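Worksheet for the structure shown next.
Each value in this text was obtained by applying a stated rule to the coordinates, not by laboratory testing. Not measured: the values here are computed from a predicted model. Here the Cβ is made from the backbone with ideal geometry for all residues, glycine too, and neighbour counts use every protein chain on show.
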């Protein structure tokens, strides 16, 4: 009976973690994938990256759609390296993340739930209003949940220890 209770508890904890996933999906472009055999090689290479749960390779345009295990942040350079080591040219990395609004040195950011991972949000040059519509970061109040899609553009500062930065393509305030 204790084993069944433990298994049930672990299953429910896994479902809860998946429901509150911080990184919902990643998409990585890859050049040089010309056939289904190449696509299979790309899929297997990305699948071996730590924290990757599922990979689906699409051919038009060629990209690996990655689902991270338990919503974990996966370093884009690890994915790019896996793609390069498989014999392909790594391209853009896009993220869909969910977290709460925060600020990093006065810039809007998303704090990923249950982690110390912060992602700085950058507006596209031609769509500066995209981030202007976000509610202000509350001081001591309830933080606002958001879902963001964006292109990984490096780190927020020259220091590699600084947070990752996304050039935002879509942002949605989550009403809970």
Practice problem: Could you tell me which numbered condition residue 147 fails, if it satisfies all but one of (1) closer than 26 Å to residue 78 by Cβ; (2) touching a strand residue (DSSP E or B) at 6+ places or on another chain (Cβ under 7 Å); (3) in contact (Cβ under 8 Å) with a residue 40 or more places away in the chain; (4) crowded, with 16+ Cβ neighbours inside 10 Å? | Solution: (4)
Practice problem: Kindly provide the set of residues from segment 73-122 that are in a loop (DSSP other than H, G, I, E, B) and either under 13 Å from the mean Cα position of the chain (by Cα) or buried (at least 18 other Cβ atoms within 10 Å of the Cβ) (or both), ordered by number. | Solution: 73, 74, 75, 86, 88, 113, 117
